[in-house]
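First the structure, in the form of structure tokens, and then the observations on it.
The values are calculated or read from the model by the stated rules, or taken from the named source; none is laboratory data. Everything numeric here is computed off the predicted structure, so don't read it as measured data. Here the Cβ positions follow ideal geometry from the backbone for every residue, glycine too, while neighbour counts run over all protein chains shown. Quick note on the areas: whole protein, heavy atoms, side chains included, nothing else; ligands and nucleic acids left out. Shrake-Rupley method; radii C 1.70, N 1.55, O 1.52, S 1.80 Å.
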Amino acid sequence: MRIIIAGGHGKIALRLAERLKSGAVGLVRNPAHVADVEATGAQAVVCDLERASADEVTRIVEGADAVVFAAGAGPGSGAARKDTVDRAASVLLADAAERAGVRRFIQISSMGAGKPPAPGRDEVWAAYITAKTEAEEDLRRRDLDWTILRPGRLTDEPGTGLVRLEPEVPPGAVPRDDVAAVIVALLANPGTARQTLELVSGDTPIIDFVATE
């Protein structure tokens, strides 16, 4: 399989690439990040989704089996970049997938999306949740085999392979290792298409959740 991963240098994306090896193509904005992506066994392509045209991204996506939107503006970015990365880049990638005829689309969103930002949070957090919500809404309107994954608070603890994966779960944390493993399982199971799933650590093996979806 050939899987395009937007945000290819992110912590989840690199873990995902390690699992997919030569089947992964990581899109990176910074050429200095190419070596890190290639060290996983994946291919790296320099593509800045904040500046690329739909034609450019379509050419990259053509022939892929699936795309994974794992990009994010990241810590320290302001409200404006939450919109240009977390929303607009997802929209651009979905446009490219449609134009290239790539139906499978996994979008990494966030718990809290789909609801108004919680009162008392700062402007940047509100912009982030709003961007994620609008990206989800855009994807649901498309004729794609999408799955929206909303992880809880992300940690760098070793993965356990044990999660809770449902349309709605209580707030909680989840290792990035387990998020990557869940994405691999979702890619292998087309029956999870057109679902929005929240993810935290739990006590059920990942394969058991995905096999029953």
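Things worth noting here:
- Selection within region 17-42 - outside any helix (DSSP H, G or I), under 16 Å from residue 184 (Cα atoms) and of a type in the set (Gly, Ala, Ser): 24, 26, 41, 42
- Note on region 154-171: residues that are outside any strand (DSSP E or B), open to solvent by 60 Å² or more (accessible area, probe 1.4 Å) and either among the hydroxyl-bearing types (Ser, Thr, Tyr) or closer than 20 Å to residue 113 by Cα (or both) amount to 5.
- All of 84, 40, 58 fail the test of being closer than 17 Å to residue 176 by Cα and either open to solvent by less than 60 Å² (accessible area, probe 1.4 Å) or not polar (S, T, N, Q) (or both), apart from 40.
- Residue list for region 98-141, filter: open to solvent by 20 Å² or more (accessible area, probe 1.4 Å) and small (Gly, Ala, Ser): 100, 101, 112, 114, 118, 120, 126, 127
- Filter pass, residue 48 being acidic (Asp, Glu), in a loop (DSSP other than H, G, I, E, B) and at pLDDT 95 or above: yes
- Taking the criterion of being open to solvent by 60 Å² or more (accessible area, probe 1.4 Å), under 12 Å from residue 67 (Cβ atoms) and at pLDDT 95 or above, the only residue of region 1-31 that qualifies is 2.
- Scanning region 141-184 for residues that are polar (S, T, N, Q) and closer than 15 Å to residue 69 by Cβ gives a single hit, 147.
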